[in-house]
Amino acid sequence: MTKAETIQFLRNLELFRELQEDEFETLLRFTEERRYAPGEFLFRQNAPRTNVFVICRGGVELVKQSALGSETRLSYFSTGDFLGESAWGSTSPHSTSGRAVVDTLVLIVHRGFLSESPRATVKVLSQVIRVMARRMRGATNRIIDSGAQYESGRTRPEKDLLGERNVPYEAYYGIQTLRALENFNISGISLSFYPLIISSLAMVKEAAARANRDLGLLDSVRSAAIIAACREITNGKLHPHFTVDMIQGGAGTSTNMNANEVIANRALELLGHRRGEYRYCHPNNHVNLSQSTNDAYPTAVKIALVRGNEPFLQVLRELIGSFRRKSEEFAGVIKMGRTQLQDAVPMTLGQTFEAYAVTLEEEILRLQENARLFLEVNLGGTAIGTGINADPAYANLVIRHLREISGLEVVKADNLVEATQDTGSFVMYSMAVKRLAIKLSKICNDLRLLSSGPRAGFGEINLPPLQAGSSIMPGKVNPVIPEVVNQIAFKVMGNDLTVSIAAEAGQLELNVMEPVIVQSLVQSVEMLKNGMMTLKVRCIDGITANEDHCRQTVLNSIGLVTALTPVLGYERCSVLAREALEQNRGVYDLVLEQGLLDRETLEDLLSPEGMVDPGCQKIFRKDDQLL
């Protein structure tokens, strides 16, 4: 960029709008131009704040890494946006990372500018404070009251079939979303908590705009604005304006209209009009053209669930990896296996953890298979599947565009009437999620038992001590992570029941209970994903074995007598077991005393490692033999 172009570009930014010509000259001396390749970081989380980054061309995502290592995309910045402005108002480190998504040209304004001109510093810092306050208010609104996301107190009038209402002036949503906010203050969990659903809605709306444009139903100017607005939302912008409660009446109409209104109002801005001037771009007439909530909403939800399945599986794979590493670590630890909580036969602790890895690994395929059911959608069926108010060519065309936009192999259902009323794919996926939850809960039950004690329980493994376990019993440490995963599993099982009941509650051509189905499914997936990562990092990775104790329980167990059954017979071995228990003696001593077998044969038969794997080599030391 030339000097003149750079000054003009900076002049249009809120931070520098009040600077004079000589102050811009000073600003340029502290500004450098830099290009970033896709994936390259502008700044990293926890690094010192030093500069402001102004995007001239391209796109940057703002991401945050949790203490457990997972990454969340918070926002997306594109041409004309700036970030890092708090570097000039704070010396704290970056709380997030900024990463280029595409080839990106950035102007980096260095902090040293502030020490050059006191007058310019006052102007810039006043704008920094305003921007920071607005962004903090947006973050607070998401937590406390997403319907209050405006700062001026101004309103704009909007009308619907019930009359006129005043909508917050700064809001991108409109009157129908406002009514939904008033009517459905139910769960306190708004659509903005689930960005995958929002971005999937934007994908569906973009596909519809493209199809309507291709069919000549939507002019090129409006369609371009709608498509641009949809892409911004797909990239993470305007999500705080998706404010409706996840649980709502109306089969998802409030969610669909929330999307229509936000897209329409952003499109209006791109067209040079004010929000609410719907004669230029209308939420229903243009954004919702050729659609109904009854096909757009379930299609978007299915796209979101498919897109969310792989991150879900990735966390599961990481947990499986932790169990597998523990199985290798504990491969040589002999312990007593149990059935019905009674001594059974020896095994290794490694076999216990390998079994956990294998049983969880089975769920990957189940979840993948059931998620693929979501790729069949009813988009193009409009109200009840007959395609009313849509061009006959629309359904195939919109599916083709959606496939291209989402990158998924989306297909049109063979019978759109059936597909509009059917919720079977949700039921199947919920069952797979529940099955995973049940297995995780069983594993956590085992972990609690195996770590019980420390002296009066099983005491075979040690879970990482994380917090004091009692307000009255000093020194007590509880298995809090398995306990919380148990509770997550109970919630998932309850959510699955909700999905089943809601699916059954459908009537005639539509199931109006889809919002609670959606809320239950996305909550289950999110809770399990967080729970599995917590279980991996805060529990499984830190488990240790009490190897000596495990060995002694095997050597003292009457269960060893099972190995003698093929030689001495079931009845004789039953008598031996009873005698050993009554006399508090070892099976080994009784067999020799009664002359049932010679010492060499007996030692071979009662070798614990031989019972674990008859073909394995000896792993007990000589002094570990039964005496």
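The values are calculated or read from the model by the stated rules, or taken from the named source; none is laboratory data. Quick caveat, the model's predicted, so the values are computed rather than measured. Neighbour counts are summed over all protein chains in view; Cβ atoms, including those assigned to glycine, are modelled from backbone coordinates with ideal geometry. The area values use the complete protein model at the heavy-atom level, side chains included, leaving out ligands, DNA and RNA. Shrake-Rupley method; radii C 1.70, N 1.55, O 1.52, S 1.80 Å.
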For this session: Quick one: in the range 289-315, of everything that is part of a helix (DSSP H, G or I) and small (Gly, Ala, Ser), which residue is surrounded by the fewest Cβ atoms within 10 Å (Cβ to Cβ)?
Result: Gly308
Exercise. Any idea which residue in the range 428-463 is farthest from Thr348 (Cα to Cα), counting only those that are among the hydrophobic types (A, V, I, L, M, F, W, C) and in a loop (DSSP other than H, G, I, E, B)?
Worked result: Ala456
Exercise. When you look at Gly249, is it among the small types (Gly, Ala, Ser), in contact (Cβ under 8 Å) with a residue 40 or more places away in the chain and in a loop (DSSP other than H, G, I, E, B), yes or no?
Worked result: yes
Exercise. Looking at this structure, is Leu440 open to solvent by 50 Å² or more (accessible area, probe 1.4 Å) and in contact (Cβ under 8 Å) with a residue 40 or more places away in the chain?
Worked result: no
Exercise. When you look at Pro48, is it under 20 Å from Leu114 (Cα atoms), open to solvent by 70 Å² or more (accessible area, probe 1.4 Å) and within 34 Å of the chain's Cα centre (by Cα), yes or no?
Worked result: yes
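Listed here are the residues, each with its yes/no results for (1) at pLDDT below 90; (2) buried (at least 21 other Cβ atoms within 10 Å of the Cβ).
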| site | (1), (2) |
| --- | --- |
| Ile517 | no, yes |
| Met532 | no, yes |
| Arg551 | yes, no |
| Glu593 | no, no |
| Leu596 | no, no |
| Asp604 | yes, no |
| Glu609 | yes, no |
| Lys618 | yes, no |
| Arg621 | yes, no |
For this session: Would you please list the contacts, defined by Cβ atoms under 7 Å and residues six or more apart or on different chains, that run from a residue in the range 211-239 that is without any contact (Cβ under 8 Å) to a residue 24 or more places away in the chain and more than 21 Å from Thr79 (Cβ to Cβ) to a residue that is outside any loop (DSSP other than H, G, I, E, B) and hydroxyl-bearing (Ser, Thr, Tyr)?
Result: Arg213/Ser220; Arg213/Ser223
For this session: Determine whether the range 583-590 contains at least one residue that is hydrophobic (A, V, I, L, M, F, W, C) and within 28 Å of Glu329 (Cβ to Cβ).
Result: no
For this session: Spot the failing condition for Tyr280; the list is (1) at positive phi; (2) hydroxyl-bearing (Ser, Thr, Tyr); (3) open to solvent by 40 Å² or more (accessible area, probe 1.4 Å), and only one is missed.
Result: (1)
For this session: Looking only at the range 470-483, decide whether some residue is part of a helix (DSSP H, G or I), open to solvent by less than 30 Å² (accessible area, probe 1.4 Å) and not aliphatic (A, V, I, L, M).
Result: yes
Exercise. Would you say Leu466 is in a helix (DSSP H, G or I) and either in contact with a strand residue (DSSP E or B) (Cβ under 8 Å, 6 or more places away or on another chain) or of a type in the set (A, V, I, L, M) (or both)?
Worked result: no
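Can you tell me which residue within the range 210-222, out of those that are assigned to a helix (DSSP H, G or I) and in contact with a Leu (Cβ under 9 Å, 6 or more places away or on another chain), is surrounded by the fewest Cβ atoms within 10 Å (Cβ to Cβ)?
Val221
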Exercise. Just for the range 388-398: of the residues that are in contact (Cβ under 8 Å) with a residue 40 or more places away in the chain and not in a loop (DSSP other than H, G, I, E, B), which one is most open to solvent (accessible area, probe 1.4 Å)?
Worked result: Leu397
Exercise. Among the residues of the range 344-387, which ones are farther than 22 Å from Val301 by Cα and open to solvent by 30 Å² or more (accessible area, probe 1.4 Å)?
Worked result: Val345, Met347, Gln351, Glu354, Ala355, Val358, Thr359, Glu361, Glu362
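Go through the range 498-517 and report how many residues are of a type in the set (Gly, Ala, Ser) and under 21 Å from Leu191 (Cβ atoms). Spell out the reasoning first.
Within the range 498-517, the first condition is being of a type in the set (Gly, Ala, Ser), and the residues that meet it are 500, 502-503, 505-506.
In the following step, the residues that additionally are under 21 Å from Leu191 (Cβ atoms) were identified as 502.
Residues flagged as of a type in the set (Gly, Ala, Ser) and under 21 Å from Leu191 (Cβ atoms) within the range 498-517 amount to 1.
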Exercise. Among the residues of the range 423-437, is there at least one that is more than 30 Å from the chain's Cα centre (by Cα), within 22 Å of Glu514 (Cα to Cα), of a type outside the set (Ser, Thr, Tyr) and surrounded by 14 or more Cβ atoms within 10 Å (Cβ to Cβ)?
Worked result: no
Exercise. Which is closer than 13 Å to Ile198 by Cβ and of a type in the set (Gly, Ala, Ser), of Ala251, Ala228, Ala224, Ala300?
Worked result: Ala300
Exercise. Out of all the residues in the range 316-325, which are open to solvent by less than 10 Å² (accessible area, probe 1.4 Å) and either among the acidic types (Asp, Glu) or not assigned by the TED database to the domain that holds Tyr429 (or both)?
Worked result: none
Problem set entry | Where Met347 falls short, out of the listed (1) part of a helix (DSSP H, G or I); (2) of a type outside the set (S, T, N, Q); (3) more than 19 Å from Arg307 (Cβ to Cβ) | (1)
